[in-house]
Amino acid sequence: MTLKSAFSLILLALAACAALAAKDRIPAPYFTDGENLSAENCGVGEKYWVAEVLFRSKIRCIGVIISQWTVLTHTCELPTDDITDVSVYIGDCLKEKYNDVTNCTGKIEVRGINLMNIDLLEERAYEFPIYILRTKNKMPANISPICLFNRGNEMDLVEDPQTTYFSWAMLSFHEEKHYKGEKMNVWWYRFVKIGGKIVSDDNCLEYLRRRVDIAQPSLQTRFLCVRQPIFSESTGVSFLMNIYRGRYFIRGMTMRQLSERTYGNISNTAYVDILPYVESIVWNSDDMSVLSPVPPVKSIRTFRGSDDLSFPNCGLKSRVVRSRRETGDEVEEIRSHQLILAGRRALNGAHPWHATIQGDGFACGGSLVSKRAVLTAAHCIEGQRAEDFEVTIGMYNRTVFNSTEIQIKTPSRLKVHPKYSRGKFHYDVGLMIFDKGFELTDHVRPICLWNEDTNLDAVAGKSALVAGYGYFKNYSHPETLQEAQIPIRSHLECYHSLRKYYGARLKPGDNFCAGYTNGTTVCNGDSGSSLSLEKDGRWFIRGIVSFAKSKKVKINGAEAKVCDPDAFPLFSDVAYYMDWIVHNTPGIYFNYLQDLFPTFTLPSDYK
């Protein structure tokens, strides 16, 4: 490439960025290293990925094979509850008569259908259905699925010789034939490639506004405007394809109602862009995985307290524990690399912020973050009543309740993150608020809230401390508090360790992995406990024990689900939830003046 052509490409890229300024920037999905393909060996050759979807022996629509076990289609009006009459054919069903399946080969049974209804307009409901069909059997070896699009949308309007777009459209026509003295219409179908070019959304906006009959719509930028020939024979069944470096990718699907029809001429067609929905499509499949995009790093605002601490004297362990550290006494126990499952006991007073949360027949952990607030997992408190809990701080031995070091209180109210849904994996953050705060002592002291940015790579590989009363050896609960140092794992390391599992559950900006896969992990009963890092002698909470992969074992003769010690557990990422935590925690405040005026300093006696 010459310097001039390279400079021209840079200018085109800048122009594309400017054109997309008002449009959502959608990052590239991450499937795997290397070519970043959604399915192994996908996108090789033409037409092998085309499928006909039948319902009650009638061809309902055309689909595309996106993996060895998954077919993607739309506008089918298929049932999702009773699928006994739904099947997929990968042969030449469309050679002659419409609805004639005598030429079909390669019938594949369907074992499940997931329906995604996409809302395309903000001001009124306008749904576009996407069906994900999961098959009972694997596709034949000669079938090459098409790839899901694997790049971002920032280069849509850039002329790149390595990439071309086209529609794979089904055209229909008919002719009159005589059979046994009777005249009959015979319908013929065939697929054709129709070249196209992505253009600015403005080329489609005016028509879309007229078509949906609203004066000033606020259209979501979830479609692509493509300039291409339109044929009168088109049935409206069309997919927007992309060829990039010799591979075929699916990028969009026609929404016939939102396409301008000027037959036989160059015109603009609106395609529903599947790029924003790649994650959902993959989650609804059986054999694909994708890592959720890593959100931009957020700078943490400073706290109003001295030295940028969330609460005075937070994160300091008791004087007894600190003196043992200084003299070297029991250092090996403190720095144990074993986890809580089959773990070691902590020193008395080593976790003065650890809260034992006792509910109606279950127990969780939590962390005191101010006199009046305990931070925990949402699934520990969601749907419960505050008066049904007892929260104990300062406890070391669960069998000893008469110690003067222990404080027990009942919360006055519970706060669960508004986006948390019971049984789901994300937004697993909650707070327990107390009308009368805990008395701060050597054995009852808050942990510091995270006061750095959200970049996980900055702490990946570092050793963090976790504590709790969850299962340890022989799947029994220990009498004394257990602790362990475990490494924080990068998102990529976590995802690649078990792609299908973490592809559906790991969500950067919501949670992260830590620990080992060598037979040790946090376990049942540790939920809500803290994962903390030490800085300059203070401990800061970065994660909340959320959930882990489970397995079935026998406990006292009964089958039970427990943590799988061969997979990384997941922790809610406190750094990304700081705004919500601080807003809902009495006694903790951001230094808003410092955020607005970085050079401004508060008086030393300001409280």
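Would a scan of segment 491-508 turn up a residue that is at pLDDT 90 or above, under 30 Å from Phe434 (Cα atoms) and either of a type in the set (Val, Ile, Thr) or not in a loop (DSSP other than H, G, I, E, B) (or both)? Checked segment 491-508: no residue is at pLDDT 90 or above, under 30 Å from Phe434 (Cα atoms) and either of a type in the set (Val, Ile, Thr) or not in a loop (DSSP other than H, G, I, E, B) (or both). In segment 569-584 there is no residue matching the filter, namely being at pLDDT below 95, more than 19 Å from the chain's Cα centre (by Cα) and either of a type in the set (Val, Ile, Thr) or crowded, with 17+ Cβ neighbours inside 10 Å (or both). Residues that are surrounded by fewer than 22 Cβ atoms within 10 Å (Cβ to Cβ) and of a type in the set (Phe, Trp, Tyr) within segment 353-388 comprise just one, Phe362. Considering segment 139-173, and only residues there that are among the small types (Gly, Ala, Ser) and outside any loop (DSSP other than H, G, I, E, B), the residue that is modelled with the highest pLDDT turns out to be Ser167.
Within segment 267-281, the set of residues being more than 21 Å from Lys507 (Cβ to Cβ) and either acidic (Asp, Glu) or assigned to a helix (DSSP H, G or I) (or both) comprises just one member, Asp273.
Being surrounded by fewer than 23 Cβ atoms within 10 Å (Cβ to Cβ) and either out of contact with any Cys (no Cβ under 9 Å at 6 or more places or on another chain) or at pLDDT 95 or above (or both) holds for only one residue in Phe600, Phe512, and it is Phe600. Of all the criteria given as (1) touching an Asp or Glu at 6+ places or on another chain (Cβ under 6 Å); (2) at pLDDT below 85, the one not satisfied by Lys136 is (2). Summed over segment 222-255, the residues that are at pLDDT below 60, outside any strand (DSSP E or B) and touching a strand residue (DSSP E or B) at 6+ places or on another chain (Cβ under 8 Å) give a count of 1. For segment 478-501, the set of residues classified as of a type in the set (Asp, Glu) and more than 30 Å from Asn36 (Cβ to Cβ) consists of Glu479, Glu483, listed by residue number. Here Met1 meets the list (1) within 30 Å of Ser200 (Cα to Cα); (2) part of a loop (DSSP other than H, G, I, E, B); (3) at pLDDT 70 or above; (4) of a type in the set (A, V, I, L, M) almost entirely, failing just condition (3). Taking the conditions (1) surrounded by 12 or more Cβ atoms within 10 Å (Cβ to Cβ); (2) at pLDDT below 75; (3) under 20 Å from Pro276 (Cα atoms) in turn, Glu122 satisfies each one other than (1). Might you let me know whether segment 310-329 holds any residue that is within 35 Å of the chain's Cα centre (by Cα), modelled with pLDDT of 70 or more, within 28 Å of Glu452 (Cβ to Cβ) and among the basic types (Lys, Arg)? Looking for residues that are within 35 Å of the chain's Cα centre (by Cα), modelled with pLDDT of 70 or more, within 28 Å of Glu452 (Cβ to Cβ) and among the basic types (Lys, Arg), one finds none in segment 310-329, hence no. Do we have Leu205 as in a helix (DSSP H, G or I), modelled with pLDDT of 65 or more and over 30 Å from Thr80 (Cβ atoms) here? Taking the combined requirement at face value, the residue satisfies it. For segment 478-502, the set of residues classified as buried (at least 22 other Cβ atoms within 10 Å of the Cβ), farther than 24 Å from Glu534 by Cα and in contact with a strand residue (DSSP E or B) (Cβ under 6 Å, 6 or more places away or on another chain) consists of Tyr495 only. Taking each residue of segment 100-113 that is more than 20 Å from Ile281 (Cα to Cα) and modelled with pLDDT under 90 and looking for partners that are among the β-branched types (Val, Ile, Thr) and outside any strand (DSSP E or B) with beta-carbon atoms closer than 6 Å, six or more apart or interchain, yields Gly106/Ile90.
Scanning segment 442-469 for residues that are farther than 23 Å from Val582 by Cα, out of contact with any Ser or Thr (no Cβ under 8 Å at 6 or more places or on another chain) and either part of a loop (DSSP other than H, G, I, E, B) or modelled with pLDDT of 95 or more (or both) returns a single hit, Lys462. Among the conditions (1) closer than 21 Å to Ile130 by Cβ; (2) modelled with pLDDT of 80 or more, Lys23 misses just one, which is (2). Assessment of segment 362-379 against the conditions (assigned to a helix (DSSP H, G or I), more than 17 Å from Leu440 (Cβ to Cβ), among the small types (Gly, Ala, Ser) and at pLDDT 70 or above) yields at least one matching residue.
The values are calculated or read from the model by the stated rules, or taken from the named source; none is laboratory data. Since we're looking at a predicted model, the values are computed, not measured. Using ideal geometry, Cβ is built from the backbone for each residue, glycine included, and neighbour counts are taken over all protein chains shown.
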